[in-house]
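The values are calculated or read from the model by the stated rules, or taken from the named source; none is laboratory data. If you're wondering where the values come from, they're calculated on a predicted model, not measured in any experiment. FYI the Cβ positions are ideal-geometry reconstructions off the backbone, even for glycines, and counts take in every protein chain you see. Heads up: the accessible areas ignore ligands, DNA and RNA and are worked out on the full protein's heavy atoms, side chains in. Shrake-Rupley method; radii C 1.70, N 1.55, O 1.52, S 1.80 Å.
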Amino acid sequence: DGCIKAVGQADVIRNQFSEATFERIIDCSGKCVLPGLVDAHTHPVWAGDRVHEFAMKLAGASYMEIHQAGGGIHFTVEHTRKATEEELFISFQHRLERMLRAGSTLVECKSGYGLNLETELKMLRVIERAKKSMDIGISSTYCGAHAVPKGKTATEATDDIINNHLPKLKELKRSGEIHVNNIDVFCEKGVFDLESTRRILQAGKDIGLQINFHGDELHPMKSAELGAELGARAISHLEEVSDEGIVAMARAKCAAVLLPTTAYMLRLKQPQARKMLEEGVIVALGSDFNPNAYCFSMPMVMHLACVNMKMSMNEALAAATINAAYALGKSDTHGSLEVGKQGDLLIINSSRWEHLIYQFGGHEALINYVIVKGKVIYENERCETMSSY
């Protein structure tokens, strides 16, 4: 059934299963077995990359300056609206395969480059198709409030989402066509204010979606306080979170999904991971893969979290496995090697698991096997012929 049957010392396991036969036995001598990594925040369905904007950022243009000049999200929205469902699916599939090879076995995937009902549904259908046809685990997120569409005010966009988008999602869920897990809003100055965010998140919660949204990234917005009040499962970014917001999240058991790639690429101040951990917040990690932060690799995210956010390697591993699964409402089935949980695991070509974090960008020669539901879905032959050191 793809679930873990036993975990423990080798000799105990051998005795317990001495009569059993197996389709395949993998010799992990000198290697490490780890839970599959969980990427708690990605935007992987889009057309129109923004490689040209990277030069603008390096020259000092801010995220909001690029956004206001018609770049950023709006540039990608324009291209995503024009792309066919098939084109979007093919590129999405390739991206998921790259995530898988970097050790991610469960990924949160957002819509949000449509900003109109037709394109948002096109993106969600693409995600649904991947859920059914690919081995990787997917938690899907409706993120229609990713930016205010051109020609609309934030209030008009909010009304459109509540009156048109969400009722349609509810109907498609009932008919079994699309199953969305989470609702997301970009709560930010000049995008969706606190009141609009509250209205959208509450409306999403009312149709059975988990609240999992972008907050306190570029400006302090009191998003953390709002999320705690609404019973949010998770809030992402939090570079500008208040001390009160941190305490509120800890109390509400609302996960903080920190995104070290974004702070690194946009040269923002780093999220206060240490303070959050000390206050008892459940800290998770995500790659924030999108055209603005083009990173597929959770091992690199963990490395950045340790170096730039001062997390320990143990904290980073927990944040990229069990805590990230918690942020997606899946910690009862994913994120750790325990009897009864789904058999998602990595085998790495090293006797010390820390190499997965220590080797910056070294995961391509380090991850030997990726296993989902007890089935080997990626085997890296290069590991057999080379030392991991």
- Residue list for the range 60-84, restricted to those being of a type in the set (Gly, Ala, Ser) and surrounded by fewer than 17 Cβ atoms within 10 Å (Cβ to Cβ): Gly60, Ala61, Ser62, Ala69, Gly70
- Filter the range 115-135 down to residues that are aliphatic (A, V, I, L, M) and surrounded by fewer than 23 Cβ atoms within 10 Å (Cβ to Cβ) and give me whichever is nearest to Asn164 (Cα to Cα). Leu117
- Query: Exactly one of (1) in contact with a His (Cβ under 9 Å, 6 or more places away or on another chain); (2) more than 25 Å from Thr76 (Cβ to Cβ) is unmet by Pro271. Its number?
  - Reply: (2)
- Task: Name, by its number, the condition in (1) part of a helix (DSSP H, G or I); (2) surrounded by 15 or more Cβ atoms within 10 Å (Cβ to Cβ) that does not hold for Ala55.
- Result: (2)
- Item | Candidate set from the range 180-189 (those that are open to solvent by 10 Å² or more (accessible area, probe 1.4 Å) and out of contact with any Phe, Trp or Tyr (no Cβ under 8 Å at 6 or more places or on another chain)); member that is farthest from His43 (Cα to Cα) | Lys189
- Within the range 242-267, track down each residue that is among the hydrophobic types (A, V, I, L, M, F, W, C), modelled with pLDDT of 95 or more and open to solvent by 10 Å² or more (accessible area, probe 1.4 Å). Val247, Ala248, Ala250, Ala252
- Could you tell me whether the range 85-99 includes any residue that is surrounded by fewer than 16 Cβ atoms within 10 Å (Cβ to Cβ), among the aromatic types (Phe, Trp, Tyr), under 21 Å from Thr262 (Cβ atoms) and assigned by the TED database to the domain that holds Lys269? no
- Looking at the range 190-200, is at least one residue open to solvent by 50 Å² or more (accessible area, probe 1.4 Å), over 20 Å from Met123 (Cβ atoms), at pLDDT below 95 and in the same structural domain as Ile235 (by the TED database)? yes
- Message: Residue under question is Leu100, and the condition is that it be in a helix (DSSP H, G or I), aliphatic (A, V, I, L, M) and within 22 Å of the chain's Cα centre (by Cα); does it hold?
- Response: yes
- Given His74, His52, His43, which one is at pLDDT 95 or above, within 26 Å of the chain's Cα centre (by Cα) and not charged (D, E, K, R)? His43
- Being among the acidic types (Asp, Glu), surrounded by fewer than 23 Cβ atoms within 10 Å (Cβ to Cβ) and in contact with a helix residue (DSSP H, G or I) (Cβ under 9 Å, 6 or more places away or on another chain) narrows it down to one of Glu217, Glu229, Glu171, so name that one. Glu229
